[in-house]
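J.: Quick one: the structure is below, and I'll ask about it shortly.
A short reminder: the numbers here are calculations on the coordinates, not readings from a lab. Everything quoted here is computed from the prediction, not taken from an experiment. Cβ placement follows ideal geometry from the backbone for every residue including glycine, while neighbour counts extend to all protein chains displayed.
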Amino acid sequence: MRKRALGVAALATLAFAATACGGSDPAAPSAAPSGSASAPAADKGSGKLVIWADPNRVKALKPFADQFGTENGVTVEVKEISKDNQQTFLTASQQGSGPDVMIGAHDWIGNLVQNGAIDPVNLTEAQKAAFPEIAMKAVTFDGQVYAAPYAVENIALIRNTDLAPDAPATLEDMVAKGAELKKAGKVKEVLCLPVGQKGDAFHAYPIFAAGGGSLFGTTAGGDPDPKQVLLGSADSVKAFGKLKDLGEKGDGALKTSITNENYVASFADKKCAFLISGPWAMGDVKKGGFGYDITPVPSFKDGKPATPFVGVQSFFVASKGKSKALAQEFVTNYVTNKDVAKALYDADPRPPALTEALEEVKAADADAGKFMDAGKDGFPMPAIPEMQAVWEPFGIAETAVVKGGDAAKAAEAAQKAIDGSLKN
C-alpha cells in the first residue's frame with residue numbers, strides 16, 4: 001500500500017491506502033474462531049473460495065483461510081492485489097474472473113453496488129451490535145449492509161509533547177504555538193499537513209468542516225444527498241476563506257511544499273511540533289524518539305466541530321463469485337470474530353472495528369484508543385458514487401486558496417466542475 005496525494009478522481013478508491021506501520025507475523029489459529037459456524041457450509045459452490053486482499057492482509061488472512069478450507073472441505077486461495085484494487089475488482093467482476101471475497105474501503109460501496117459487483121452481507125443483529133455504530137453506518141447503503149467491517153481509521157492531531165506539552169484548545173492556539181516555535185528556531189514548519197500541488201481534501205476536511213464547510217446536504221435519512229452539492233455555498237466559501245487565512249499568504253500553517261511524501265517524515269525529524277495524520281504514520285512517529293500524544297483535531301474558536309473523515313476497511317461478498325454461499329459464510333462468521341480482527345491488526349496496526357478486539361488492542365496500545373476517540377464523532381467517508389466527482393475540484397480549490405487565491409472564486413469553480421461532472 002502506498003501514500004499518495006488525495007486530490008485526484010480516484011481518491012475514493014485509495015483514500016486510506018497509506019503506508020502501513022508493519023507488525024508481527026500473525027500466529028496460526030489454534031481453534032475455530034468464536035462465532036464460526038458449528039457445521040460446514042452445505043453449498044460448496046465451485047469447491048474453491050477466492051479472496052483478494054492487499055499485500056498487508058494476505059499473510060494475516062492465510063491461516064484463517066486455510067482453516068476455513070479444511071473445515072468446509074474446499075480450497076481457499078488468498079490472492080494479493082496491490083494496484084488500483086477497486087477498478088481491478090470491477091473489471092474482473094464484469095469479465096467473470098473476479099474473486100468471491102474482496103477486501104477494500106467502505107467508500108467503494110456506492111460504486112460497487114451501482115455496478116452490480118457486491119451483494120448485501122447477512123450479519124445478524126448480534127453481529128451488528130458487536131461493532132461501533134459509526135462502523136455499521138459506514139457499511140450501510142440505501143438501508144442495506146454491504147460489508148463486514150474490520151478496521152476503523154481516521155486522522156487526528158499528533159503532537160510532539162517535548163516541543164508542545166499542552167494540547168491546543170483551538171486551531172488558533174495550535175497555529176500560535178507552532179509559529180512561536182518556528183520563530184524560536186525550534187521547528188521549520190508551523191504544521192505538518194499535506195497539501196501539495198493538487199490539494200488533499202482528506203487531510204483538509206476537519207479544518208474545512210471546522211470553518212463551517214460542507215460537501216453535500218443530507219437526505220431525510222441523514223445520508224449525504226448527491227442532489228445537494230454545497231461546495232459553492234456561502235458557508236463553504238467562508239471555510240475556504242479559513243484555509244486561505246492559514247495558507248502561504250496568511251499564517252503559513254498550510255503550504256503546498258508539504259506533501260504526502262514528506263509530511264510524516266518532517267514531523268518525525270522534529271521539523272514541526274504538530275502533525276495531522278492517521279494510524280499509518282505511527283511507525284515513523286515512534287522512530288522519532290520523542291514524546292508524543294494523540295488528540296482530536298481542534299476547531300476554530302467558536303467554530304463548528306472539526307470532524308475527520310472516518311474510513312472503514314471491509315470485506316465484501318462478490319455478486320458474480322462462483323462460491324457465494326461460502327463467501328457469505330466466510331465474511332459473516334469468520335472475519336467478524338476477535339481472532340481474525342487481532343491478526344489483521346498485527347499485520348497492519350489500524351484500530352479494529354470489532355469492539356471486543358479493540359478493547360484488547362487498547363489495553364496493549366493506547367494509541368489505537370486515542371485515534372478511535374478522535375474519530376468517534378467523525379463523518380463516514382461518503383460512499384455515494386457521486387463522491388468521486390468531489391475530490392479533484394476540492395483539491396484544486398484548496399490549493400488555490402492556500403496559495404492566496406480568492407475563496408469565493410475557488411469555491412465557485414469547484415461547484416461548477418462538480419455539477420458539470422455529475423450531469424455527464
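J.: Working from Cα positions, state the angle (0 to 90°, nearest 10) between the long axis of helix 391-402 and the longest principal axis of the chain.
T.: Helix 391-402 sits roughly 20 degrees off the main axis of the chain.
J.: A further question follows. Testing the spin-label approximation: label points 7 Å from Cα along Cα→Cβ at residue 421 and residue 377. State their distance in nm.
T.: The modelled label-to-label distance comes out at 3.0 nm.
J.: How big is the Cα convex hull of the range 217-276 in projection, averaged over all directions, in nm²? Display every interim value, and only then the final one.
T.: Numbers: hull surface 24.8 nm².
In nm², the orientation-averaged hull projection of the range 217-276 is 6.2.
J.: How would you rank 141, 316, going from fewest to most other Cβ atoms within 10 Å of each one's own Cβ?
T.: 141, 316
J.: For a Förster distance of 35 Å, can you work out the FRET efficiency between the beta-carbons of residue 80 and residue 166, rounded to the nearest 0.05? Spell out each step's value before the answer.
T.: Numbers: r = 44 Å, r/R0 = 1.27.
Approximately 0.20, to the nearest 0.05.
J.: If one puts a single equal scatterer on every Cα of the chain and applies the Debye formula without solvent, what log₁₀ I(q)/I(0) results at q = 0.06 Å⁻¹?
T.: Log10 of I(q)/I(0), two decimals: -0.24.
J.: Right, here's the next one. Taking neighbour counts of Cβ atoms within 10 Å as a proxy for exposure, in what order, fewest first, do 108, 52 appear?
T.: By the 10 Å Cβ count, ascending, the order reads 52, 108.
J.: On to the next question. Counting only residues 5 or more places away or on other chains, whose amide H sits under 5 Å from the amide H of residue 225 once H atoms are built in the peptide plane?
T.: Hits under the 5 Å cutoff: 217, 218, 219.
J.: Toward the positive end of the charge dipole of the range 322-424, about the Cα centre and with charges on Cβ (Lys, Arg +1; Asp, Glu -1), which of 393, 371, 361 goes farthest?
T.: In the range 322-424, that residue is 393.
J.: Obtain the nm distance between the two label points defined at residue 97 and residue 71 by a simple spin-label model: each point lies 7 Å from its Cα along the Cα-to-C-beta direction.
T.: Inter-label distance under the simple model: 3.3 nm.
J.: Per residue of the chain, what 222 nm ellipticity follows from adding -39500 (n - 2.57) for every DSSP H run with n ≥ 4, rounded to the nearest 500?
T.: The helix contribution divided over the chain gives -11500 deg cm²/dmol.
J.: Additional query: Would you be so kind as to identify which of 347, 305, 288 lies farthest towards the positive end of the dipole of the range 264-407, taking Lys and Arg as +1 and Asp and Glu as -1 on Cβ and the Cα centre as origin?
T.: The residue sitting most towards the positive pole is 347.
J.: Label points 7 Å out from Cα along the Cβ direction at residue 176 and residue 220: separation in nm?
T.: 4.7
J.: Let me ask another. Along the range 303-310, what does the Karplus equation 6.51 cos²θ - 1.76 cosθ + 1.60 (θ = phi - 60°) give for ³J(HN,Hα), rounded to whole Hz, x for Gly and Pro?
T.: Going residue by residue, I get x, 7, x, 8, 6, x, 5, 10 Hz, with x marking Gly and Pro.
J.: Right, another one. Calculate the radius of gyration of the Cα atoms of the range 73-232 to one decimal place, then report Dmax, the largest Cα-Cα distance, as a whole number, both in Å.
T.: In order Rg, Dmax, the Cα atoms of the range 73-232 give 21.1, 67 Å.
J.: Any idea what angle helix 85-95 forms with the longest principal axis of the chain, computed on alpha-carbon atoms, 0 to 90 degrees, nearest 10?
T.: Roughly 40 degrees between the two axes.
J.: Same structure, new question: Would you work out which of 50, 192, 121 lies farthest towards the positive end of the dipole of the chain, given +1 charges on the beta-carbon of Lys and Arg and -1 on that of Asp and Glu, about the Cα centre?
T.: The residue sitting most towards the positive pole is 192.
J.: Sort 81, 109, 118 by Cβ crowding within 10 Å, fewest neighbours at the top.
T.: Details: 81 20, 109 29, 118 25.
Going from sparsest to densest Cβ surroundings: 81, 118, 109.
J.: What do you get for trypsin sites (Lys or Arg not before Pro) in the range 291-349 restricted to DSSP loop and a cutoff of at most 16 other Cβ within 10 Å of the site's Cβ?
T.: Sites meeting the loop and neighbour criteria: 301.
J.: Right, here's the next one. Exactly which trypsin sites (Lys or Arg not before Pro) in the range 175-253 are in a DSSP loop and have at most 13 other Cβ atoms within 10 Å?
T.: Here the sparse-neighbourhood loop sites are 188, 249.
J.: Here's another thing I want to ask about it. As I understand it, the value is the acute angle between the Cα axis of helix 234-245 and the longest principal axis of the Cα atoms of the chain; what does it come to in degrees, rounded to 10?
T.: 70
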